[in-house]
Amino acid sequence: KMPQNHASREVQIFVFTLRTLAIKGTHIRKATKYLKDVTLKKQCVPFRRYSGGVGRCAQAKQWGWMQGRWPKKSAEFLLHMLKNAESNAELKGLDVDSLVIEHIQVNKAPKMRHRTYRAHGRINPYMSSPCHTEMILTEKEGFRNRLFLNQKR
C-alpha cells in the first residue's frame, strides 16, 4: 500500500469530492488520462450532488447523468498528487503498472479568513474553503493483465 496525503489544498471541497469519486478504484494510468482530458475539456466530471446551477453538457451522458463541468484546478491538484504517488511507489520498489487507487478521501480543512471592504465603511468576511486529501494506491495484478489484454485487441 502507498499512502499519500496532502494538507490544506485551496480547492473547493465539493468540487474536489466529485473529482475523487470519478477516479476511485481505477488504474493509475487511466486516472491520469482522465484528469488530463478534464483539463483539456475532452471529458467532464458529472455533478450528481451540489448540482444547483450547474449547466448540462453532452459529455455527462457517458456517466449516465446530465450535468457536468470541467474543474481544472482540482484536476491539476489530483494530477500532481498522482505523479507524486507514482514516484514514491518507484522509490519503494513497487510495480507502477499495477497500481490502483484503492482509497481516496477529501475532508474539510480550517477555513482561511480574509476580509472584504464594503460601502459605508463596513467589513465582511471573505472565507475560503480548503480541503485535506488522502489517497491510497495498491498493487493489483489483475489490473495489469487486463490492461495488457486491452492493448492487444
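At a glance:
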{"read-out": "Pairs, first under 16 Å from residue 87 (Cα atoms) in the stretch 128-140, second assigned to a loop (DSSP other than H, G, I, E, B), C-beta under 8 Å, six or more apart", "value": "136/1; 137/1; 138/1; 139/94; 139/95"}
{"read-out": "Filtered residues of the stretch 24-63 (kept if under 25 Å from residue 100 (Cβ atoms), part of a loop (DSSP other than H, G, I, E, B) and modelled with pLDDT of 85 or more)", "value": "24, 25, 26, 40, 42, 43, 44"}
{"read-out": "Strands (runs of 3 or more DSSP E) contained entirely in the stretch 69-138, each with at least 1 residues that are crowded, with 19+ Cβ neighbours inside 10 Å and over 13 Å from the mean Cα position of the chain (by Cα)", "value": "99-108"}
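The values are calculated or read from the model by the stated rules, or taken from the named source; none is laboratory data. A quick note: this is a predicted structure, and the numbers were derived from the prediction, not measured. All Cβ positions, glycine included, derive from the backbone under ideal geometry; neighbour counts span all protein chains shown.
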